[in-house]
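Each remark here refers to the structure printed beneath this line.
Values in this text are rule-based calculations from the coordinates and carry no lab data. Since the structure is predicted, the reported quantities are computational estimates derived from the model, not experimental observations. All Cβ positions, even for glycine, are placed from backbone atoms using ideal geometry, and neighbour counts span all protein chains on display.
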Amino acid sequence: MGRHVNQLHESEITENEKTELNKLKAMEEYQNNLIKLKQRRGEKGSSDPISVDCQCQLNDYKVILFYRYVSIKDPLQFALDHQHYCKDMTGKVRIASEGINATLAGTNKDIDLYLNWLTSSQPFKDLEDITRDDPLQLSDPSAPRYKFFKPSEGCIHIFADLSIKLTDEICPLGQKTVVLDKLSNPDHRLGKLAPQDFHNILSKRHQDDFLLLDTRNYYESKIGHFEGAVKPAIRKFSQFPDYIDRNKEAMRGKKILTYCTGGIRCEKATAYMRQVLPQDTEIFMLDGGIHNYIEWCKSNKNQMEDDPVWQGKNYVFDARQSLCLNNGSVVSTCQKCNTRWDQYNKCSTTGCHLLVLLCDNCSLQDDKVFCCEDCKNNQQTGLCKCEQQRRIEELETI
Ligand SMILES: [Zn+2]
Ligand SMILES: [Zn+2]
Ligand SMILES: [Zn+2]
Ligand SMILES: [Zn+2]
């Protein structure tokens, strides 16, 4: 910010300059807030809530989850607008010139006001379906806004705060970026499978015909996944490209089905795979992710109950931890005593913070939660035997 906004006298500047100056002031304020936000944060991940306990009337609130890869002309202004429209909400918004990724919790009224603004803004106004100002209802799954913004039940306390960030990528693949062109090219869109089609392929259980690949992190796939999926032991999405590079041979010429929470990771994952795998490899993704699949199951109950290809819970990055069908099964176990368990805690060791599956009985045995003896005995290093084991598994090939 090269200019000093306060040094000029009000009467010496024109209206136009005033607008510019106000924008600069807002930018300075925004950057300062970001700095404060970063300072306030402890160890990465430690401020994320792991459970929620409040008295909110859930009917008054909802949570939305959406993304769009779209060229954003003025990402900074778009972020400032978000600061304004989301000021009474909580959640995470990532804005980059390649698009937006957001999870937001707020009152029904605030969410509707926000959506009415958002859908009239540059990056969204071409999506005619969702620009009509219909209130977003949890009871109307067929509405275009419902499909796009994936509402679910939850109050503002499922997040610790509101974090709006300008980033290079809305879903970080890291060094090995994909060209955005690949995301919007028609071939790529053909690779999206609706939940019904995805289900039909999986329910035949001819697993020699395809390779089912979970593109999420190991702690997500551990508590819920599609039957027969390959689940890379990666800890973050930026490790996915290396995983693909190591497994090129096993994927050559196969039909590959991918899935993630809401679709955002698969869009990039499949674009990257198209870039590096041989031409004769067929690559598909579950459109709208597990979230969309579970919604489809809810409206096609019989099919799902007769033939469940999804097992366990859909991990979400907030205090609710996971969403599921009413009959959601538990596929994971307590890592100490092996009883079925799928509620995560966080290891209290500085520098570790691994998510730990410890049942109530086992976690009561210590006053703090630890992922293993290494962490319990030496609460400094963070590279305990669980993490070492994960690194070994990450390198295993298909
Ligand atoms: Zn609450
Ligand atoms: Zn246990
Ligand atoms: Zn630990
Ligand atoms: Zn450990």
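Close amide H contacts of residue 167 (hydrogens built in the peptide plane, cut-off under 5 Å, sequence separation of 5 or more or a different chain): 95, 96.
Normalised by the number of residues in segment 333-394, what is the relative contact order in percent for Cα pairs under 8 Å and 6+ residues apart?
Values: 86 pairs, mean separation 18.1, N = 62.
Relative contact order here is 29 percent.
Of the GluC sites (Glu not before Pro) found in segment 72-159, those that fall in a DSSP loop while having at most 14 other beta-carbon atoms within 10 Å are 153.
Of all DSSP beta bridges in segment 180-315, what percent run antiparallel (nearest 5)?
Details: 3 of 14 bridges.
Around 20 percent of the beta bridges assigned by DSSP in segment 180-315 are antiparallel ones.
Measuring nothing but how far apart in sequence close Cα pairs (under 8 Å, 6+ apart) lie, relative to its length, segment 233-379 scores a relative contact order of 13 percent.
If you keep only loop residues by DSSP, which trypsin sites (Lys or Arg not before Pro) in segment 192-244 have at most 16 other Cβ atoms within 10 Å of their Cβ?
Within segment 192-244, the qualifying trypsin sites (Lys or Arg not before Pro) (loop, at most 16 other Cβ atoms within 10 Å) are 204, 205, 235, 236.
Largest first and in whole Å, the equivalent-ellipsoid semi-axes of segment 180-315 read 23, 16, 15, each the square root of five times a Cα gyration tensor eigenvalue.
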